[in-house]
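Participant: Okay, here's the structure, questions in a sec.
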Amino acid sequence: MNELSTILNAWQQVRSSFAFSPQQERADEFFADVASRSDISWEELGREAREDYGDVAPEILSALLATDNPLIVLNSLRFARLEDAREAEVFQKFIRNADPQKHEVTLATLADMPEMKAELKARRNLPKSVLAALKKK
């Protein structure tokens, strides 16, 4: 995966914002495992995160979103479970802070998800495509 160094750097930044906890320790394990396997694909990354590290999915997602890389952010959405309140909060925070033009595709995708509609409707300066997606039923 070409984006691996970007993801690992983002985790180092994100982890410094968390108080030390068992969740942080588990997320460290996940990222250490990922770092040792530079050939990991997005499918493998998502599967392993869910199967082996589901308890720290919000921490993993926080790092992926912190990359601010549109491709990484969009790919992370494929594995998110937005019905989980902790994971939904990670994406709600992203919606509040993301550059709407840079992340237009991700925001338009999130507009189709009931858990994200209210947060997106509260956001100003959304691209037309995101506003159109919000109007769909």
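No lab work stands behind these numbers, since they all come straight from the coordinates. Values in this document were obtained by computation on a predicted structure and should not be read as measured data. Every residue, glycine as well, gets a Cβ built from its backbone with ideal geometry; the counts of neighbours run over all protein chains shown.
Participant: Helix-derived [θ] at 222 nm for the chain: sum -39500 (n - 2.57) over DSSP H runs of at least 4, divide by residue count, nearest 500?
Facilitator: After summing the helix terms and dividing by residue count, I get -20000 deg cm²/dmol.
Participant: Once every Cα of the range 82-137 carries one equal point scatterer and solvent is ignored, give the base-10 log of I(q)/I(0) from the Debye formula at q = 0.28 Å⁻¹, two decimals.
Facilitator: Once normalised to I(0) and log-transformed, intensities are -1.20.
Participant: Let me ask you something else. At a Förster radius of 25 Å, what calculated FRET efficiency corresponds to the Cβ-Cβ distance of Ala19 and Asp52, to the nearest 0.05?
Facilitator: In this case the efficiency is close to 0.60.
Participant: Okay, moving on. Considering Cα pairs under 8 angstrom that are at least six residues apart, work out the relative contact order of the range 41-137 and quote it in whole percent.
Facilitator: Reported as a whole number, the value is 22 percent.
Participant: Rounded to the nearest Å, what's the spacing between the alpha carbon centres of the range 1-42 and the range 70-88? Just the number, please.
Facilitator: Comparing the Cα centres of the range 1-42 and the range 70-88, I get a distance of 16 Å.
Participant: Label points 7 Å out from Cα along the Cβ direction at Ser5 and Ala85: separation in nm?
Facilitator: 4.1
Participant: Oh, and also: Report D for the chain in µm² per second (integer): Stokes-Einstein, Kirkwood Rh on Cα pairs, 37 °C, 0.692 mPa s.
Facilitator: Estimated diffusion coefficient is 214 µm²/s.
Participant: Which value, in debye to the nearest 20, describes the size of the charge dipole of the chain about its Cα centre when Lys and Arg Cβ atoms bear +1, Asp and Glu Cβ atoms bear -1, and nothing else is charged?
Facilitator: 1080
Participant: Here's something else I'd like to know. To test your reading of the geometry: what angle, between 0 and 90 degrees and rounded to tens, separates the Cα axis of helix 85-97 from the longest principal axis of the chain?
Facilitator: 60
Participant: Let me make sure I get this right: for the range 6-71, a, b and c are the square roots of the gyration tensor eigenvalues over alpha carbons, sorted descending. Under 1.5 in a/c it's rounded, otherwise prolate if a/b > b/c, else oblate. Which is it?
Facilitator: oblate
Participant: Here's something else I'd like to know. How much length would be gained if the chain were fully extended between Met113 and Ala32, taking 0.36 nm per residue of separation minus their Cα-Cα distance, in nm to one decimal?
Facilitator: Gain on stretching Met113 to Ala32: 26.0 nm.
Participant: Taking a cut-off of 13 Å, what percent of all Cα-Cα pairs in the range 54-123 are separated by more than that?
Facilitator: So the pairs more than 13 Å apart make up 59 percent of the total in the range 54-123.
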